[in-house]
Amino acid sequence: MKKLLALLMAGIMLFSFAACGGNSEEETTTNPEVTTEAPANAEDVTEEAIEGEKETEVVTEVVTDDEGNTEIVTEVVTKEEKTTDKKEDKKPEKTTKKDTATDPAKWSKAEIISYASKALDKVKSEKAGYTKHAFMEVKGDVEGLPKWLVSIFQNDETTKMAKGDVNKDDFPAAGFDWSCKLRPQDVQSATIKVSGTTYEIMIKLGTEKNPAKGTASAYGRAVSVIDAAGAAGMVPGLNSVDMTYHDGYIHAKIDSTTGNITYAQISAAADAKANVALLGDVQAKDITSTETYTNFIW
């Protein structure tokens, strides 16, 4: 009779688990005392299953001892096949390998030029303010030129550009909406040095004969060159001119967090031969022009 009653109780309890997850109200019965307490390690098993995100199921078993006492034991069981699937779906661990695409030390010449060009162009597009020191001198030998004419090529001037003012004709390349359109083939070398958040870039140009303004020449893509027309405007009676540009460079410091120029120096030297109506053939070597930009206001 006790065994029959125990089986009946087990059936009722199993039906309760399947239908509504258990009855929260306490019931009074004259049937033998039933222990529904979970095993001591049930909580640990449940926590382990949740932490591992493993699929579990509840298993209930009716146990009757030799004296006829009945106990219902509930266990949480983890399905091993589900655990295996979870392990396979685990995301790969993050790698600490440095991404060369964002590491300036790994940049190619083209990447350095592109980064510098964007920063230089930004000076014009955002109308940055700055202090400009323009210095021009004749460092080499001069032939056939009187001192008064040589003085035309001498200049030492400091000016300021206010934030918001149009600097199209003041910042190289003068006369254009952009500042730099250099290509790898225009450049002798391009290097970058990283110091904290500052990227210091040095771009060196080669040698070019009679460069034109703008994108028609390598120097014209970054430097305010003096072409034949410009030279004619500077020297009265100029019949012809032949110029060779050399040792040009762009030295720039850029805040990597903003992409803003904080310092720039653009320089080029030229050897000039000309025929002047009143003087005949004249020449000057190493006419060097250097423009230094500081105190940027963004």
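Among the numbered conditions (1) under 23 Å from Glu111 (Cα atoms); (2) out of contact with any strand residue (DSSP E or B) (no Cβ under 8 Å at 6 or more places or on another chain), the only one that Ala174 does not meet is (1). Among the residues of segment 115-126 satisfying the criterion of being open to solvent by 50 Å² or more (accessible area, probe 1.4 Å) and assigned to a helix (DSSP H, G or I), which is nearest to Ile203 (Cα to Cα)? Among residues in segment 115-126 that are open to solvent by 50 Å² or more (accessible area, probe 1.4 Å) and assigned to a helix (DSSP H, G or I), the one nearest to Ile203 (Cα to Cα) is Tyr115.
When segment 226-270 is limited to residues that are touching a Ser or Thr at 6+ places or on another chain (Cβ under 8 Å) and part of a loop (DSSP other than H, G, I, E, B), the one that is farthest from Tyr199 (Cα to Cα) turns out to be Thr257.
Considering segment 193-213, the residues that are open to solvent by less than 10 Å² (accessible area, probe 1.4 Å) and in contact with a His (Cβ under 9 Å, 6 or more places away or on another chain) include one that is farthest from Lys181 (Cα to Cα), namely Ile201. Of the residues in segment 132-146, not one is over 24 Å from Gly259 (Cα atoms), exposed (fewer than 15 other Cβ atoms within 10 Å of the Cβ) and without any contact (Cβ under 8 Å) to a residue 12 or more places away in the chain. When Leu238, Leu278 are checked against the criterion of being over 17 Å from Asp121 (Cβ atoms) and crowded, with 16+ Cβ neighbours inside 10 Å, a single residue qualifies: Leu238. Of the residues screened, Ala284 is one that is within 23 Å of Glu137 (Cβ to Cβ), touching a Leu at 6+ places or on another chain (Cβ under 7 Å), assigned to a strand (DSSP E or B) and of a type in the set (A, V, I, L, M). Condition test on Gln188, is it touching an Asp or Glu at 6+ places or on another chain (Cβ under 9 Å) and either in a loop (DSSP other than H, G, I, E, B) or surrounded by fewer than 17 Cβ atoms within 10 Å (Cβ to Cβ) (or both)? The answer is no for Gln188.
Based on this model, can you work out whether Ala110 counts as under 17 Å from Ile250 (Cα atoms), over 29 Å from the mean Cα position of the chain (by Cα), at pLDDT 95 or above and not basic (Lys, Arg)? Against the criterion (under 17 Å from Ile250 (Cα atoms), over 29 Å from the mean Cα position of the chain (by Cα), at pLDDT 95 or above and not basic (Lys, Arg)), Ala110 does not qualify.
Within the option set Ala229, Ala174, Ala216, Ala162, being loosely packed, with under 15 Cβ neighbours inside 10 Å, under 37 Å from the mean Cα position of the chain (by Cα) and modelled with pLDDT under 95 holds for one residue only, Ala216. Look at segment 183-198: where a residue is without any contact (Cβ under 8 Å) to a residue 24 or more places away in the chain and a partner is surrounded by 12 or more Cβ atoms within 10 Å (Cβ to Cβ) and not in a helix (DSSP H, G or I), sitting 6+ places away or on another chain with Cβ atoms under 7 Å, you get Gln188/Lys204; Gln188/Leu205; Gln188/Gly206; Lys193/Glu200.
With Lys118, Lys213, Lys127, Lys193 as the choices, which residue is basic (Lys, Arg), over 30 Å from Asp281 (Cβ atoms) and in contact with an Asp or Glu (Cβ under 6 Å, 6 or more places away or on another chain)?
Of Lys118, Lys213, Lys127, Lys193, the one residue that is basic (Lys, Arg), over 30 Å from Asp281 (Cβ atoms) and in contact with an Asp or Glu (Cβ under 6 Å, 6 or more places away or on another chain) is Lys193.
Mind checking which residues of segment 161-182 are more than 22 Å from Phe135 (Cβ to Cβ) and either free of Cβ contacts under 8 Å to residues at least 12 places away in the same chain or in a strand (DSSP E or B) (or both)? Of everything in segment 161-182, nothing turns out to be more than 22 Å from Phe135 (Cβ to Cβ) and either free of Cβ contacts under 8 Å to residues at least 12 places away in the same chain or in a strand (DSSP E or B) (or both).
The values are calculated or read from the model by the stated rules, or taken from the named source; none is laboratory data. Because the structure is a prediction, the values reported are computed rather than measured. Neighbour counts are summed over all protein chains in view; Cβ atoms, including those assigned to glycine, are modelled from backbone coordinates with ideal geometry. Only protein heavy atoms, including side chains, enter the accessible area calculation; ligands, DNA and RNA are left aside. Shrake-Rupley method; radii C 1.70, N 1.55, O 1.52, S 1.80 Å.
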